[in-house]
Amino acid sequence: MIRILDLCCYAGQWGSALAALSAREGVRAQVVAVDASAAALEYARRNIEAAGADCITLKADVFEKPDLSCGPFELVVADPPALIKGRKDIEGGKHAYMKLYELALGACASGAGIVLCSCSALLEENDFAMAIAKASRRSGRSARWVARGGQAPDHPVLPAFPEGRYLKCWTGTC
């Protein structure tokens, strides 16, 4: 069995996709879905179970150190909503991303896969990388990044609007 942690899961898009992939490979998955919204968690539970996995939901604010003693996990995903809404939120948002990524890295089993994301237009790629680096140091976990992702071609970036390159995703192992 593979144990998956889906932080800021909303409706369980990552958890259900990973559950379906595990099922296709003949591996049973258990997904722990964490979100602050009870309604979102209900959608996540339904979606994850429909994809063939067991689902445990945890209604919690990820910034208040939720109880993740049910870990460690073989795969951890942290894909929050935009934590930087405006220019006044940049410094606080960078710190929030670092805290979330620290939680994610700390929940990983040795050799686990990890996916860290941001959809904040005002978080530059370099600041995203710095938040991950600080989280790695603070958690005492090092990660090897094997892939970086962003938006698909249906989200074009205009030269005069670099904030249009807002989706960031790093995938690796820790």
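Of the numbered conditions (1) more than 15 Å from D79 (Cβ to Cβ); (2) small (G, A, S); (3) at pLDDT below 90, G140 fails exactly one; give the number of that condition.
(3)
Between a first residue in the range 48-64 that is within 21 Å of A17 (Cα to Cα) and a second residue that is surrounded by 15 or more Cβ atoms within 10 Å (Cβ to Cβ) and among the charged types (D, E, K, R), which pairs have beta carbons less than 6 Å apart while being 6 or more apart in sequence or on different chains?
C55/R45; C55/E49; T57/R45
Which residues, taken from the range 3-31, are in a helix (DSSP H, G or I), touching a residue at least 12 places away in the same chain (Cβ under 8 Å) and either of a type outside the set (G, A, S) or surrounded by 20 or more Cβ atoms within 10 Å (Cβ to Cβ) (or both)?
Those that are in a helix (DSSP H, G or I), touching a residue at least 12 places away in the same chain (Cβ under 8 Å) and either of a type outside the set (G, A, S) or surrounded by 20 or more Cβ atoms within 10 Å (Cβ to Cβ) (or both): Q13, W14, G15, S16, L18, A19, S22.
Restricting to the range 32-64, count the residues that are of a type outside the set (A, V, I, L, M, F, W, C), closer than 17 Å to W14 by Cβ and in a helix (DSSP H, G or I).
Residues flagged as of a type outside the set (A, V, I, L, M, F, W, C), closer than 17 Å to W14 by Cβ and in a helix (DSSP H, G or I) within the range 32-64 amount to 6.
Could you say which residue among K99, K94, K88 is surrounded by 14 or more Cβ atoms within 10 Å (Cβ to Cβ), more than 21 Å from W14 (Cβ to Cβ), free of Cβ contacts under 8 Å to residues at least 40 places away in the same chain and of a type outside the set (V, I, T)?
None of the others qualify; the one that does is K94.
In this structure, is A78 crowded, with 20+ Cβ neighbours inside 10 Å and either farther than 21 Å from L5 by Cα or in contact with a helix residue (DSSP H, G or I) (Cβ under 6 Å, 6 or more places away or on another chain) (or both)?
Judged against the criteria, A78 is a match.
Do we find a residue being in contact with a Lys or Arg (Cβ under 9 Å, 6 or more places away or on another chain), in contact (Cβ under 8 Å) with a residue 40 or more places away in the chain and of a type outside the set (S, T, Y) anywhere in the range 32-42?
Checked against the condition, which is being in contact with a Lys or Arg (Cβ under 9 Å, 6 or more places away or on another chain), in contact (Cβ under 8 Å) with a residue 40 or more places away in the chain and of a type outside the set (S, T, Y), the range 32-42 yields at least one hit.
Identify, from the list D67, D127, the residue that is of a type in the set (D, E), more than 15 Å from the chain's Cα centre (by Cα), more than 18 Å from W170 (Cα to Cα) and not in a strand (DSSP E or B).
Answer to the selection: D67.
The values are calculated or read from the model by the stated rules, or taken from the named source; none is laboratory data. This one's a predicted model, so the numbers in the text were calculated from it and none came from an experiment. So basically every Cβ, Gly included, is an ideal-geometry build from the backbone, and we count neighbours across all protein chains shown.
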